[in-house]
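K.L.:
Just dropping this structure here.
Please treat every number below as a calculation from the coordinates, not as lab data. Every value quoted in this text rests on a predicted model; they were computed, and no experiment measured them. Cβ placement follows ideal geometry from the backbone for every residue including glycine, while neighbour counts extend to all protein chains displayed.
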Amino acid sequence: MSAVSFSAAETQRSSAVVDFPSTSSCFDIEALSLAYEGKPALRDLTLRVPRHRVTAFIGPSGCGKSTLLRGLNRLHDLNDQVTRSGRIRLEGQDIHARDVDVAELRRRVGMVFQTPNPFPMSIYENVAYGVRLQGVKRKRELDEIVEWALQSAALWEEVKADLHASAWTLSGGQQQRLVIARTLAVRPDVLLLDEPASALDPISTLKIEELIRGLKSQLTLILVTHNMQQAARVSDYTAFLHAGELVEYAPTDTLFTNPRLRRTEDYITGRVG
Amino acid sequence: MRIPRVGGDGVWRWLSGACVALSLLAVVALLVLVVTRGLAHFWPADIEQLTLDDGQRIAGIARGSEANEQRYFTANRDLDGEVWRWVETQAIERRETPPELLYAERRDWGPFIGRLTAVETPAGERLQGAEAERRLRRALAGDAEVTTLHLRNVEGRALEVAFAQVASLSWPNRMDIGDKLAAWGHGVWRFLSEAPSDGNTGGGVWPAIFGTLLMVMLMSLVVTPFGVLAALYLNEVARQGPLTRLVRIAVRNLAGVPSIVYGVFGLGVFVYGLGGHLDSWFFAERLPSPTFGTGGLLWASLTLALLTLPVVIVATEEGLARVPVALREGSLALGATRFETLRRVVVPMALPSMLTGVILAVARAAGEVAPLMLVGVAKLAPEIPVDGEFPYLHLDSKFMHLGYHLFDLGFASRDAEAAMPLVFATATLLVVVIVVLNLTAIILRHHLRARHRALEHS
């Protein structure tokens with residue numbers, strides 16, 4: 001793994017140091033800078049994301065936490081206005097390397113967005129969408145994967161009666177779980193969640209949070225949220241970003257109970273927003 | 001100073017409501033006028049026989065009046081030299097409707113109004129009076145044969161007409177309402193199903209209906225793939241920048257170019273350019289008589305496709321732009337490539353908009369006349385361009401078009417006034433054809449949209 005770069009990061013920005021003894025890193029982000037139309041959005045960011053844990057990115061609006069997340073599955077590729085420097089490695093492999101298949105990278109690094117975005121198809125077809133792209137055609141195989149994914153997303157019991165209803169008939173919370181099921185169906189290694197509960201009611205939020213906690217045995221989760229209670233409830237590690245910089249990164253308990261920096265403390269106690 | 005409120009919301013509501021009502025009224029009035037006058041043409045009206053104070057006799061169908069004059073359609077162009085008569089109301093001494101007056105449509109010289117004196121049979125017999133009429137009726141029904149009709153107008157001038165010259169014949173004054181309705185239906189059917197005769201002022205318009213529909217369909221076949229692919233490229237493939245903006249502006253402005261300019265373009269590029277080359281390469285043995293080097297179905301369809309291309313492009317682009325970024329990203333985030341995303345998410349969602357574009361294109365193309373006059377429409381082409389002879393669809397042939405037929409009837413025919421009812425009938429038909437074409441496309445779009453209904457509600 002990237003022990004060398006890790007220690008380099010340690011000297012460079014001690015606030016970003018976090019040790020996870022029990023597991024190795026999934027994402028290795030090294031000196032990452034991103035700019036929109038020349039305006040910097042992320043500055044020289046270095047951090048490691050542990051495998052099979054929930055890592056939360058918190059910070060005020062515009063701090064760059066969503067930008068960082070979208071950098072991890074190269075969604076920024078769609079926008080010519082974004083310039084980047086630095087390196088992101090997934091399981092040791094540079095995701096920007098020439099031989100990387102972006103579509104395959106995005107399959108491995110699934111993403112759930114702020115607003116539920118099911119396709120205008122049936123529930124079944126939504127879940128089968130990504131699976132079909134992988135070349136799975138047999139009905140029985142598809143059926144099995146769809147059922148498994150819906151069960152993993154804790155939606156199966158609610159929708160099994162009518163899988164061929166339009167996905168748009170579901171409630172917001174159900175739609176978001178459908179989107180998670182859709183993403184799980186292609187067996188990703190990482191799940192990026194961009195404020196997945198911000199458009200949902202408290203009960204739906206609770207269900208999503210339970211789901212997140214349950215999923216970490218299967219994959220690595222990265223959660224962007226502006227809701228600090230949520231970060232505290234579900235994440236193992238928390239990174240606090242401010243104005244495009246990584247301010248503090250620590251195990252969640254430590255960061256919320258005993259932040260090392262004044263800026264972090266001010267933010268989590270609500271003095272700065 | 002306080003500005004007084006003039007009625008507030010109420011005024012605006014009434015003003016805008018009144019505008020809508022006025023527009024609706026205009027549309028309804030137009031349709032009612034065209035449809036009633038068009039359909040009235042086929043009604044077998046009573047023939048009046050007038051005796052004037054100077055002893056003159058006139059037979060005709062009353063069509064309009066002015067102050068103290070009345071206008072009669074007297075037919076018999078070959079006998080009288082004209083078909084209309086203005087008659088002063090007080091000069092009329094007697095007005096009657098003799099049951100034996102007949103109305104015959106002939107393939108030459110237009111209609112005839114008068115009496116039957118005798119018929120000749122193939123055997124050389126000459127039948128007179130009631131017997132002649134009985135024989136003629138059977139002949140009209142197809143049960144007997146008659147070669148020549150001996151007719152006489154109300155002033156007693158005699159006329160011989162070959163039976164083959166008679167397109168239809170009736171005794172309107174003897175008909176009851178049921179007979180008249182049947183005759184009216186028959187007239188409408190003949191109008192729809194027969195080829196024109198007598199310099200387009202008689203017969204039907206079937207070749208024009210067929211030509212219009214065929215041309216519009218060919219045009220849609222060309223413009224749909226072109227327009228959709230162009231829009232896909234502009235919106236999905238091309239790097240967005242000043243160049244794509246420029247292309248977009250150009251496309252939108254193309255929609256505003258007068259249609260006759262497209263006609264000139266089609267004549268220069270398709271007919272003379274492309275057609276001329278095709279002729280010299282493949283049909284050299286027929287030169288100097290042109291095959292593709294003259295206006296025809298193919299060139300007309302291509303010209304109209306070009307004319308309607310901006311409509312399809314703009315509508316498709318709007319549809320593509322309406323597909324939420326969130327759905328595209330959702331698809332990409334599942335490991336779909338850009339092409340897969342386009343094919344499985346974006347295009348299906350933009351399909352109704354694409355169809356809207358085609359509907360608009362069809363509506364515009366079906367009513368366009370000016371460019372067609374340059375690239376292939378014909379005054380008279382009674383043969384429809386589809387037949388049993390290879391290659392079955394004759395793209396090089398001239399064709400008839402309802403819009404041009406209307407223009408020809410109303411402004412270029414021998415007697416524009418006599419043709420006026422036909423102008424209205426043709427106009428009705430043109431409106432009906434366009435409505436039918438649009439309805440077909442709208443129903444198709446509705447079916448597609450049903451799948452995306454939920455999308456529209458959110």
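K.L.:
Using only Cα atoms, locate the centre of segment A:222-273 and the centre of segment A:44-63, then give the distance between them in Å, rounded to an integer.
P.N.:
9 Å
K.L.:
What Kirkwood hydrodynamic radius do you get for segment B:151-221 when you take the inverse of the mean 1/r over all pairs of distinct Cα atoms, in Å?
P.N.:
15.0 Å
K.L.:
Jot down the per residue volume, in cubic angstrom and as a whole number, of the convex hull over the alpha-carbon atoms of the protein assembly as shown.
P.N.:
289 Å³
K.L.:
For segment B:206-457, take N as its residue count and report Rg(C-alpha) divided by 2.2 N^0.38 Å.
P.N.:
1.16
K.L.:
Another question about this same structure. What average count of beta carbons from other chains do you get within 10 Å of the Cβ of residues in A:114-121?
P.N.:
6
K.L.:
By average Cβ neighbour count within 10 Å, what is the ranking of B:419-429, A:151-161 from highest down?
P.N.:
So the peptides B:419-429, A:151-161, ranked by packing, come out B:419-429, A:151-161.
K.L.:
Sticking with this structure for a sec: What is the Å³ per residue value for the convex hull set by the Cα atoms of segment B:311-379?
P.N.:
Normalising the Cα hull of segment B:311-379 by residue number yields 92 Å³.
K.L.:
Rounded to the nearest 20 Debye, what is the dipole magnitude of segment B:118-180 about its Cα centre when Lys and Arg each give +1 and Asp and Glu each give -1 at the C-beta?
P.N.:
120 debye
K.L.:
Same structure, new question: Given that compact globular proteins tend to follow 2.2 N^0.38 Å, what is the ratio of the alpha-carbon Rg of segment B:48-193 to that value?
P.N.:
Its radius of gyration relative to the 2.2 N^0.38 Å reference: 1.09.
K.L.:
Using only Cα atoms, tell me the angle between helix B:177-193 and the longest principal axis of chain B; keep it within 0 to 90° and round to the nearest 10.
P.N.:
50 degrees
K.L.:
Still on this structure, please answer the following. How large is log10 I(q)/I(0) at q = 0.12, 0.13 Å⁻¹ when the Debye formula is applied to the Cα atoms of chain A, each weighted equally and without solvent?
P.N.:
Results for chain A at q = 0.12, 0.13 Å⁻¹ read -0.73, -0.86.
K.L.:
What is segment A:3-268's relative contact order, in percent, from Cα pairs under 8 angstrom and six or more apart in sequence?
P.N.:
Once divided by the residue count of segment A:3-268, the mean separation gives 27 percent.
K.L.:
Computed on alpha carbon atoms, what radius of gyration and Dmax characterise segment B:316-458, expressed in Å?
P.N.:
When restricted to the Cα atoms of segment B:316-458, Rg and Dmax are 22.0, 71 Å.
K.L.:
May I ask you to work out the translational diffusion coefficient for chain B at 37 °C, viscosity 0.692 mPa s, via Stokes-Einstein with Rh from the Kirkwood sum over Cα pairs, reported in whole µm²/s?
P.N.:
123 µm²/s
K.L.:
If you don't mind, there's one more thing I want to ask. Can you give the Kirkwood hydrodynamic radius for segment A:174-273, in Å, rounded to one decimal and based on Cα pairs?
P.N.:
Evaluated on segment A:174-273, it is 14.5 Å.
K.L.:
Relative to the compact-globule scaling 2.2 N^0.38 Å, provide the ratio for the alpha-carbon radius of gyration of segment B:232-345.
P.N.:
Normalised Rg, Cα atoms only: 1.52.
K.L.:
Provide the packing ranking of B:52-61, B:21-30, i.e. peptides ordered by the mean count of other C-beta atoms within 10 Å per residue, highest first.
P.N.:
Listed from highest to lowest mean packing, they are B:52-61, B:21-30.
K.L.:
Do any of A:LYS139/A:LYS216; A:LYS65/A:LYS216; A:LYS137/A:LYS216 go past 23 Å between their Cα atoms, and which?
P.N.:
From the list (A:LYS139/A:LYS216; A:LYS65/A:LYS216; A:LYS137/A:LYS216), the Cα-Cα distance tops 23 Å for A:LYS139/A:LYS216; A:LYS137/A:LYS216.
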